[in-house]
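Read through the structure below, which is laid out as structure tokens, and then see the notes.
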Amino acid sequence: MTKLIEQAYELARERFAAVGVDTEQALARLDTLPVSMHCWQGDDVRGFENPQGALTGGIQATGNYPGRARNATELRADLDKAMSLIPGPKRLNLHAIYLESDRPVARDAIEPQHFAHWVEWAKQHQLGLDFNPTCFSHPLSEDGFTLAHRDKAIRQFWIDHCKASRHISASFGKQLGSPSVMNVWVPDGMKDLTVDRFAPRQRLMAALDDIFSEKLDPQHHLDAVESKLFGIGAESYTVGSGEFCLGYATSRQVGLTLDAGHFHPTEVISDKISAAALYVPRLLLHISRPVRWDSDHVVLLDDETQAIAHEIVRQQLFDKVHIGLDFFDASINRIAAWVIGTRNAKKALLRALLEPTDQLRQLENQSDYTSRLALLEEQKSLPWQAVWESWCLRNDVPADARWLNEVQHYQQHILSQR
């Protein structure tokens, strides 16, 4: 099989060279583009603060597939298995509820020490870590408000939680030598008709200003804010809307998070990347897959995933865009979900890197739209899969669906015992 893959790659290399694409150059760039995997796929967003607690904030994991990680040791083992089947550079995105402590820790009192095992694990695997405050699934978020809460004491609790999270994020960056991107998303909103939509947004703006008031070293820590169209229990009004977060990120010059599942079903974030990049210092992408009104399905190699990758590559946004994933599916093997979604994100990036972008841009500038369309369509048939399989071999991971055999073996001998 190895010989066949190598032979196929050499033929593919010649085919791409004929249209002006250097496959080795594309793979070299792909080797520099980490995808930040999300820890919460492995345990259905339960975390270790109170793993039996109910999910709130419009979040819901459906299904009861056996083998959910019950503690950090199991979760790290599952991540090890998943990452061993995914080529290229990776990161891990943690939520605050994935802390480890022998005693209960209030969310406004979390410290870097509660994530020491995660840092040690990341060092062993040469990974960067990203972070998120967890402003949901907590008694003080039960009425649907956190940073925009009308009760000053409750609002302050969540402000202090986010401030503590920033220090943890900065500690990740300092210890691992790679800046941690910390994303702030809040579930604040209302289920039914809302009379005063202005005051909660004023409170959220003031709260974020307070949270970001301390200047942290950008070599260690980067801030981002994330919008959402709606959530379960917040169908009629979301405080942190798309307009709010874009305006905030632009005016405060912090990062903007674009989640593929957080907009109207007829909207796509691929079309927003080039516009937002004009105004904000950086973008964090949460690649997900919305189905009708529900987001967070396992990422496919579909048109929108490919369009997102094309925007990053065509506009040369490698230093401005941070690529992360955000989905969770409890109805299938959770490790397989990680592998499928992350491999697809990387396949999309490779396909974008194998595009003769300069030639296509030249045709566009010459108003030769016929040739542009023809070449875009012919490009889809070029043997990118042979390049992908060669890259997998170089990274010592299965080049095809044989990775599923390893997941099934892990299911039989590890997950089934939980």
Note to self, the chain gives a 222 nm [θ] from helices alone (DSSP H runs n ≥ 4, -39500 (n - 2.57) apiece, / all residues, nearest 500) of -13500 deg cm²/dmol
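Could you pull out the pairs from LYS123/LYS272; LYS152/LYS272; LYS123/LYS174; LYS163/LYS215 whose alpha carbons sit more than 23 Å apart here? Show your work: numbers first, answer last.
Values: LYS123/LYS272 35 Å; LYS152/LYS272 35 Å; LYS123/LYS174 12 Å; LYS163/LYS215 11 Å.
In this structure, LYS123/LYS272; LYS152/LYS272 lie more than 23 Å apart at Cα.
Order the peptides 165-172, 365-372, 268-275 from the highest to the lowest mean number of other Cβ atoms within 10 Å of their residues.
Details: 165-172: 23.0, 365-372: 11.5, 268-275: 16.6.
Highest to lowest by the protection proxy: 165-172, 268-275, 365-372.
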Need the full-extension length gain, THR370 to ALA106, defined as separation in residues times 0.36 nm minus the C-alpha distance. One decimal, nm.
88.9 nm
Projected label distance in nm at ASP192 and GLN219, using a 7 Å step from Cα toward the beta-carbon:
5.5 nm
Kindly rank 127-138, 252-263 from highest to lowest mean number of other beta carbons found within 10 Å of each residue.
127-138, 252-263
For GLN124 and ASP358 in one chain, what is 0.36 nm times their gap in residues minus the Cα-Cα distance, to one decimal in nm?
80.3 nm
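Quick check on the chain: what does the Kirkwood estimate of hydrodynamic radius come out to from the alpha carbon pairs, in Å? Spell out each step's value before the answer.
On the way: mean 1/r = 0.0449 Å⁻¹.
So the Kirkwood estimate lands at 22.3 Å.
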Give the lysines whose C-alpha is closer than 21 Å to that of LYS191, dropping any in the same chain fewer than 8 places away, or say none.
LYS228
Relative contact order %, the chain, counting alpha carbon pairs below 8 Å whose residues are six or more apart
20 percent
Can you tell me the FRET efficiency between ALA116 and THR32 if r is taken as the Cβ-Cβ distance and R0 is 22 Å, rounded to the nearest 0.05?
0.15
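Read-outs: derived from the displayed coordinates by stated rules, not from any lab. No experiment lies behind these values; they were computed from the predicted model shown. Cβ sites come from the backbone with ideal geometry, for glycine too, and all protein chains shown count toward neighbours.
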